[in-house]
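The values are calculated or read from the model by the stated rules, or taken from the named source; none is laboratory data. Only a predicted model underlies this, so the values are computations on that prediction, with no experimental measurement involved. All Cβ positions, even for glycine, are placed from backbone atoms using ideal geometry, and neighbour counts span all protein chains on display.
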Amino acid sequence: MSVSSHISELKRKHEELSERVKMTQRRPGVDALEIVTLKKEKLRLKEEISRLTN
């Protein structure tokens, strides 16, 4: 897998996590732990994308 395709895949996963966070926050009885976990994973992906693009 080339670096550019890897970055594209990471960006796709990051966007999917963004959507999951939005959907989870809209549900009644929001699970705060789930949201925190999703946001941490989003941040990890963002940091890896940044590391690979620099």
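Of the residues making up the chain, those that are in contact (Cβ under 8 Å) with a residue 40 or more places away in the chain and surrounded by 12 or more Cβ atoms within 10 Å (Cβ to Cβ) are 6, 7, 10, 49, 52. So is residue 37 at pLDDT below 95 and out of contact with any strand residue (DSSP E or B) (no Cβ under 9 Å at 6 or more places or on another chain) or not? So residue 37 does not fit the description; no. Can you tell me which residue is farthest from residue 51 (Cα to Cα) among those in the stretch 8-32 that are of a type in the set (Lys, Arg) and out of contact with any Leu (no Cβ under 9 Å at 6 or more places or on another chain)? So the residue we want is 27.
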